[in-house]
Structures are given as structure tokens and as C-alpha cells.
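Student: Got a structure for you, questions after.
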Amino acid sequence: MKKDWLTPEELAQQTGFSRQTINKWVKKEGWNTAPKPGVQGGKARIIHIDERVKLFLKSTRHAAEPAVNYRVSQNSLPALLMSSLQQLSSVEQEKMAALLLREGIQGILQRLGIRNE
């Protein structure tokens, strides 16, 4: 993170978490905050993004995962599936393979709410 101080909203946007989750962590983890300059009433705060905050965010599953852009150009189902699978990271591919082996296609269809009628 490039800035030393961020609002909960800015930190939420950068990490993919909700503002409410960020505010919960501020209280629970005791992160350093300061009043937001120019806002009266004292409720608006900014968070000091120190090493403790960075380490905590890295320890969370979502923030530790690399950002991946998924792109699909074909529109047939086999091409769409192949393209999607090729864009997964190696860790994601391993998890998908394990899910397929464990659940089978019927299990995956059930998870998607698609039942064999």
C-alpha cells in the first residue's frame, strides 16, 4: 500500500473486504487511527497502515491471494470452460481438480443449484 494513512473505505476498496469488516478489525486488532482532517464530529477516522496492519491483511485469505484477471473470448461451453481453467493459478487448478475428484460433476451441479431432473 502506497499511502501511510487510509480511510476504512479506501482500505476496503484496496483489499476487497467491506468497510464494516475493516472497522471491526480496527477495534479488534487495536490499529492506530486518527481523526480524518476536515471532518467535524470526530467519528470519521483514518487508519495508520503500519507493518502490523500489513501483516494482518496478508494473513487473511483474500488479501494474500494474487489478483487474477479472468478473460474469456469464445462462447461455446467447452471453449469457455477450457479458457477459464487455463486462466486459473496453479493453486486454483489444484483446488478445482480436488473438488472434481471429491464431488464429481453431479456434486458441482448440485452446488450450483442445477439438478438432474
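The values are calculated or read from the model by the stated rules, or taken from the named source; none is laboratory data. Worth saying up front: this structure is predicted, and the values here are computed from it rather than measured. Note that we place each Cβ from the backbone using ideal geometry, even for glycine, and neighbour counts take in every protein chain shown. Surface accessibility is based on the protein's heavy atoms, side chains included, excluding ligands, DNA and RNA. Shrake-Rupley method; radii C 1.70, N 1.55, O 1.52, S 1.80 Å.
Student: Obtain the nm distance between the two label points defined at VAL91 and LEU77 by a simple spin-label model: each point lies 7 Å from its Cα along the Cα-to-C-beta direction.
Tutor: The modelled label-to-label distance comes out at 3.1 nm.
Student: Here's another thing I want to ask about it. Collect residues whose amide H, placed 1.01 Å from N in the peptide plane, falls under 5 Å from the amide H of TRP5; neighbours closer than 5 in sequence don't count.
Tutor: It is ILE49, by chain and number.
Student: What do you reckon, how do LYS36, LYS58 stack up by accessible area (1.4 Å probe), largest on top?
Tutor: On the way: LYS36 80, LYS58 145 Å².
Output order, biggest surface exposure first: LYS58, LYS36.
Student: So who's got an amide H within less than 5 Å of the one on THR33, skipping anything under 5 residues away but keeping other chains? H placed 1.01 Å off N, in plane.
Tutor: HIS48
Student: Where does each of VAL26, VAL39 land when they are ordered by accessible area, with a 1.4 Å probe and the largest first?
Tutor: Working: VAL26 25, VAL39 70 Å².
I get VAL39, VAL26, largest accessible area first.
Student: Using the structure shown, list the pairs from LYS24/LYS58; LYS2/LYS43; LYS2/LYS27; LYS2/LYS28; LYS36/LYS58; LYS3/LYS58 with a Cα-Cα distance above 20 Å, or answer none. Could the numbers behind the result be given before it?
Tutor: Values: LYS24/LYS58 17 Å; LYS2/LYS43 24 Å; LYS2/LYS27 23 Å; LYS2/LYS28 24 Å; LYS36/LYS58 25 Å; LYS3/LYS58 17 Å.
Beyond 20 Å: LYS2/LYS43; LYS2/LYS27; LYS2/LYS28; LYS36/LYS58.
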